[in-house]
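What follows is a single structure, written as structure tokens, with notes after it.
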Amino acid sequence: METATEDVIHITDAALAKLVETANNETIDLTSTYLRIAVVPGGCSGLTYDLGWDTEASAQDKQLRQDVFRVVVDPRSAAYLSGSILDFSDGLEGKGFHFHNPQAVRNCACGESFGL
């Protein structure tokens, strides 16, 4: 079942399944590890998304629960991600994680970066 993590980001079933698979393949202990989602400077459109594992969360981080994952997002990234969807596709039009961000006014051709 797909569940929303407040109004910051929604992670689809397909993305959750791939995240669980990745965590298992990398022997990540999900009881002590967070999924960190961030927006960082970079890419041809100015900003890019970053997904990674983190064992620490700061007091300022938004902490969200998404199925078996504890998700952390720093306050600046949360503002950029508000209303976004994280999905995973393994189809012909691009395999991998994809962010659908309603705030993005431009995206690069490869889909790796965006601008506001």
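The values are calculated or read from the model by the stated rules, or taken from the named source; none is laboratory data. Keep in mind that this is a model prediction, so the values were computed, not measured. Cβ atoms come from the backbone with ideal geometry, glycine included; neighbour counts cover every protein chain shown.
Quick rundown of the values:
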item	result
Among (1) of a type in the set (A, V, I, L, M); (2) at pLDDT 90 or above; (3) not in a loop (DSSP other than H, G, I, E, B) - the single one ALA4 does not satisfy	(2)
Residue tally, condition within 14 Å of PHE69 (Cα to Cα) and loosely packed, with under 14 Cβ neighbours inside 10 Å, over region 40-53	1
Cβ pairs under 6 Å, 6+ apart, first in region 13-42 and free of Cβ contacts under 8 Å to residues at least 40 places away in the same chain, second assigned to a helix (DSSP H, G or I)	ALA38/SER77
Index of the failed condition, ILE37 passing every other in (1) of a type in the set (Val, Ile, Thr); (2) surrounded by fewer than 18 Cβ atoms within 10 Å (Cβ to Cβ); (3) in a strand (DSSP E or B)	(2)
